[in-house]
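**Student:** Have a look at the structure that comes next, please.
None of the figures in this text is laboratory data; all of them are computed from the coordinates on show. None of these values were measured; they are calculated from a predicted model. With ideal geometry, Cβ positions are generated from the backbone for all residues, glycine too; neighbour counts draw on all protein chains shown.
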Amino acid sequence: MLSFFKERKKKISTLFNDAPNTFKYSFTIQVKDVVFGIHTNQTSLGNYIKQTYQEFIVDKPADYVFNFHNHTKSVVIDVSENESYTYDFIQFFDTYFYYRYGKQEPIVDIALPSKFEFWEFENFFKIFISSISLKFNALLIHASAVVKDNEIILFSGQSGAGKSTIAGLSGYPIIHDDNILISHLGDGLFELETIPFKIPYKKNTFTGKIKGFYRLFQHDETFIRDIEKNKQLTHLLFGLWAFDHFGNKNTMQYNANVMKYCTEIVPHLKIKELYFTKTNDFLKLV
């Protein structure tokens, strides 16, 4: 599994409020061709969604429904596997998002932690999108993307590698500086689309060929290193968001499908390693 979140190998327990009949805040948000229904009674989260994701809010029926319940210790739900739900959790450092995922219905109930950051809420959605992305011919990549000569340049790397910095230094139009949904349309043509769950929260789509895909490494010199195909594939795989949740955890089939998709697109991505000094010296190389 390619998840970089630590997971406990033991039976977990999760807490939910009794499911309310109505929610104070309800939104439908569209990402690519998928519509998410988000419901919560948590005031700060409701206001955050309303103010932040304006460009992505739509008036359409939801393909998936997410009910975010306020944390409580009054209701304990048995988490053993059953015909209706899969129970699990996602961990961000010391914060846990416990959830149950409907096996037959596209409904996810989540117990909001008593304390959480909005970026943790957003990362929860990134993992969900990554876990279903192949259903709409896409992969969610932790990368920034810019446009040069009507072609796409991608900069991938771990958090803090400089994806946003290098996109800004380039001076080229930025599609997004941190997360990109990438779809191969055939013949080396790709469609890139932003998601709402990361600054800047702007809806943006671009279609074109890949001019270059660079895995970033900070260094005291600026240079590009060509790498063999197996390492190119490794860099692509480690640039993906975790996709081993929401039905994928106990099966290798989704992993195999992701590997197949990545293997098919790697020849079109021209993946190299870019070592840079956080100056614009790299511009003459890309």
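**Student:** What are the ³J(HN,Hα) couplings of the range 194-199, residue after residue, when phi is run through the Karplus curve with 6.51, -1.76, 1.60 and θ = phi - 60°? Round to Hz, x for glycine and proline.
**Tutor:** Computed from phi, the couplings for the range 194-199 are 7, 10, x, 8, 4, 4 Hz.
**Student:** Compare the peptides 202-214, 174-186 by average per-residue count of other Cβ atoms within 10 angstrom and give them in order, highest first.
**Tutor:** 174-186, 202-214
**Student:** Just to be sure I follow: if Rg is taken over the C-alpha atoms of the range 139-284 and Rh is the Kirkwood radius over the same atoms, what is Rg/Rh?
**Tutor:** A ratio of 0.95.
**Student:** Would you kindly derive the ³J(HN,Hα) couplings of the range 138-149 from the backbone phi angles with the Karplus curve 6.51 cos²θ - 1.76 cosθ + 1.60 (θ = phi - 60°), listing them in order in whole Hz, with x for Gly and Pro?
**Tutor:** Taking θ as phi minus 60°, the curve returns 8, 10, 9, 10, 7, 7, 9, 9, 10, 10, 10, 6 Hz for the range 138-149.
**Student:** Another question, if that's okay. Taking amide hydrogens as modeled 1.01 Å from N in the peptide plane, which residues meet the under 5 Å criterion relative to residue 204, leaving out close sequence neighbours?
**Tutor:** 194
**Student:** Here's something else I'd like to know. Among the GluC sites (Glu not before Pro) within the range 183-241, which fall in a DSSP loop and have no more than 10 other Cβ atoms within 10 Å of their own Cβ?
**Tutor:** Counting only loop positions with at most 10 other Cβ atoms within 10 Å, the GluC sites (Glu not before Pro) in the range 183-241 are 221, 228.
**Student:** Work out from phi, with θ = phi - 60° and the Karplus expression 6.51 cos²θ - 1.76 cosθ + 1.60, the ³J(HN,Hα) of each residue of the range 216-224, listed in order in whole Hz, and give x for Gly and Pro.
**Tutor:** For the range 216-224, the Karplus-derived couplings read 8, 9, 6, 8, 8, 9, 10, 7, 10 Hz, x marking Gly and Pro.
**Student:** Follow-up. So, by mean Cβ neighbours within 10 angstrom, what's the order for 39-46, 56-63 with the highest one leading?
**Tutor:** 39-46, 56-63
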